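Every read-out reported here was derived from the displayed coordinates using simple, explicitly stated rules and does not represent laboratory data. A quick note: this is a predicted structure, and the numbers were derived from the prediction, not measured. Neighbour counts are summed over all protein chains in view; Cβ atoms, including those assigned to glycine, are modelled from backbone coordinates with ideal geometry.
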Amino acid sequence: MKEPILRLEAVTRVFQLEGMQLRALGPVSLDVDDGEMLAIMGPSGSGKSTLMNLMGCLDKPTSGKIWIAGEEIGTRSPAELAAIRNRFIGFVFQSFMLLPRTSALENVELPLVYRGGVRAKERAARAKAALERVGLGERLHHHPRQLSGGQQQRVAIARALVNEPRLIFADEPTGALDSKTSVEIMALFQELQASGITVVVVTHEREIADYSNRVIVVRDGRIESDERQAPHLARVAS
């Protein structure tokens, strides 16, 4: 049997709040298959963002174990977690998080700058290729204010792709977009999944989750349901 790209075993996350312990998540056990698109749903405060942060090496569990590509990561140092993120993971957020005075090309180059050891010429070539992959090959030198919301999100996706990740985490990636543009973004995620990248989408919209082949619902810090489905095909109107 093929090893899952991501595995959680009895994972919990407890926060200290004014001298009290608040259990935000768990225990949660979960396998994510290599190359699938997984949607995580749940009401506000359900624990879905906490789950994504743990899966994406942005936080460490209070207890339990997490593996990415067979590597146990739950006890790694912050520096080691950063290195794992650089090797395996890309992130896309609702607010795009682009530098406003920086071109699309320069925004996409940033992960390579932080990674270090990549020459400027190679950084530019890889950023250009990532932007071409998301359909923005003619917008390399445009600044965010010169781009539509959908184009800005495509820049953010290109930035997530530039390190050639095996996993992409998208936190409410369509939350700031209209319905037509949302479908275009989900079509792009489906293309990335078809190329072999595992995509995890956190969303409160069932219509967006329906483009995934698996939907997890989180409630009160636990997985309430976990269902596989035939995903809707994100067709872009001409």
Quiz item: Dividing the Cα convex hull volume of the range 185-235 by residue count, how many Å³ per residue is that?
Solution: 81 Å³
Practice problem: Report the local net charge at V134: Lys and Arg +1, Asp and Glu -1, summed over other residues whose C-beta lies under 15 Å from its C-beta. | Solution: 0
Exercise. For the range 67-123 and the range 24-53, compute the distance between their C-alpha centroids and round to whole Å.
Key: 21 Å
Quiz item: Could you give the semi-axes, largest first, of the ellipsoid that matches the range 1-159, computed as the square roots of 5 times the alpha carbon gyration tensor eigenvalues and rounded to whole Å?
Solution: 32, 18, 16
Quiz item: To the nearest 0.05, what FRET efficiency results for S44 and E9 with a Förster distance of 25 Å applied to their C-beta separation?
Solution: 0.40
Quiz item: Based on the Kirkwood radius over alpha-carbon pairs, what is the Stokes-Einstein translational diffusion coefficient of the range 95-236 at 20 °C with 1.002 mPa s viscosity, in µm²/s?
Solution: 135 µm²/s
Quiz prompt | Dimensions (Å) - the range 13-63, Cα atoms, principal axes, largest first | solution = 42, 23, 18
Exercise. At 0.36 nm per residue, minus the direct Cα-Cα distance, what do E207 and L58 gain on full extension? Give it in nm, one decimal, please.
Key: 50.9 nm
Quiz item: Let a ≥ b ≥ c be the square roots of the eigenvalues of the Cα gyration tensor of the range 117-174; is it rounded (a/c under 1.5), or, if not, prolate (a/b larger than b/c) or oblate?
Solution: oblate
Quiz item: Toward the positive end of the charge dipole of the range 13-134, about the Cα centre and with charges on Cβ (Lys, Arg +1; Asp, Glu -1), which of G116, L17, V134 goes farthest?
Solution: G116
Practice problem: List, largest first, the extents of the alpha carbons of the range 30-90 along their principal axes, each in whole Å. | Solution: 32, 27, 20
Quiz item: Rounded to the nearest 0.05, what FRET efficiency do A194 and M20 have when you use their Cβ-Cβ distance and R0 = 41 Å?
Solution: 0.35
Quiz item: trypsin sites (Lys or Arg not before Pro) within the range 139-238: which are DSSP loop residues with at most 12 other Cβ atoms inside 10 Å?
Solution: R235
Quiz prompt | Per-pair calculated FRET efficiency, R0 = 30 Å: R219 and A82 via Cβ, rounded to 0.05 | solution = 0.45
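Counting other Cβ atoms within 10 Å, which GluC sites (Glu not before Pro) in the range 142-238 have at most 16 and lie in a DSSP loop?
Listed in order of number, the matching sites are E205.
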Exercise. Would you work out which of C57, A79, T203 lies farthest towards the positive end of the dipole of the chain, given +1 charges on the beta-carbon of Lys and Arg and -1 on that of Asp and Glu, about the Cα centre?
Key: A79
Self-check item: Per DSSP, loop trypsin sites (Lys or Arg not before Pro) in the range 1-92 with at most 15 further Cβ within 10 Å
Solution: K2
Quiz item: What is the distance in Å between the Cα centres of the range 202-238 and the range 127-166?
Solution: 25 Å
Quiz item: Which distance in nm do the two modelled labels at H141 and D226 give, with both placed 7 Å along the Cα-to-Cβ direction?
Solution: 5.1 nm
Quiz prompt | Inter-label distance for R235 and E122, nm, one decimal - labels placed 7 Å from Cα along Cα-to-Cβ | solution = 4.4 nm
